[in-house]
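The values are calculated or read from the model by the stated rules, or taken from the named source; none is laboratory data. It should be emphasised that the depicted structure is a prediction, and the values quoted were computed from it without experimental measurement. Note that we place each Cβ from the backbone using ideal geometry, even for glycine, and neighbour counts take in every protein chain shown. These area figures cover heavy atoms from the full protein model, side chains too; ligands, DNA and RNA do not enter into them. Shrake-Rupley method; radii C 1.70, N 1.55, O 1.52, S 1.80 Å.
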Amino acid sequence: GLDARTFVPVYNSIYSRRELSSEPPRTRRPTRTQGALSLLYSGRLTARHQVDQAIVSVIAANERGHDVRLTIVGDGPERERAEELSRGSDAIVMLGAVYDLDRLRELYEDADFAVSPGATGLNVIQALGFAVPVIAASGDPQSGPEIEAVLDGVTGVLYPAKGAGEALTEKIVALASLPDET
């Protein structure tokens, strides 16, 4: 019932449905680089997306003797804070914004899991479009309906948003303890 001349849809993704649906589903995790669990965050760097929790959790998992790597793709007002938190850790790489489909495909192919610590939304759809399972907070009031695409044990793993910092660390530690092939 809206006038089409007044409202213009603006799509939130640079990928066509055809491109994303062409990605084959994973049957196993990629071979880990030097045994590391490889995580990828791709999205806006804002307070509500809580990428700081992912950084702190990866550092904590590594302090417990695990080898976990986190690649952060994105930009936003929390970038400086994220860089500060990850300073001194060779386990965390910040790439800034990446819009090239082939480069994103490479990054997702190298990831065991995508991580979405807060405000789950299009980052989940993008990861699943590349057939990468997602670690996401269940019950985060900032998340959109896309959280429903993360089915625990099927398309990813969920942890409770309440007490999220420690819960995310525990989930990462558990995943880092899994064998290379599932």
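List of remarks:
- Contour excess over end-to-end distance, with Cα ends at Arg64 and Ser177 and 0.36 nm allotted per residue: 39.5 nm
- Candidates per trypsin sites (Lys or Arg not before Pro) in the stretch 84-182, loop by DSSP, up to 10 other Cβ within 10 Å: Arg87, Lys162
- The stretch 50-64 versus the stretch 95-147: alpha-carbon centroid distance in Å: 17
- Positive minus negative residues near Gly96 (Lys, Arg vs Asp, Glu; Cβ under 11 Å): -1
- The share of accessible area on the stretch 98-182 that comes from carbon and sulfur is 55 percent, using a 1.4 angstrom probe.
- Sparsely packed chymotrypsin sites (Phe, Trp or Tyr not before Pro) within the stretch 63-165, loop by DSSP, other Cβ within 10 Å at most 11: Tyr99
- Three-way shape call for the stretch 36-182 based on the alpha-carbon gyration tensor, with the a/c threshold at 1.5: rounded
- Computed over the stretch 85-182, relative contact order equals 20 percent, with contacts defined as Cα pairs under 8 Å that lie 6+ residues apart.
- Surface accessible to a 1.4 Å probe, Glu83 within the full protein complex, Å²: 70
- Computed extension gain for Ala47 through Glu170, at 0.36 nm per residue and net of the alpha carbon distance, reaches 42.1 nm.
- Extension reserve of the Arg87-Ala149 stretch, reckoned as 0.36 nm per residue once the Cα distance is removed: 19.0 nm
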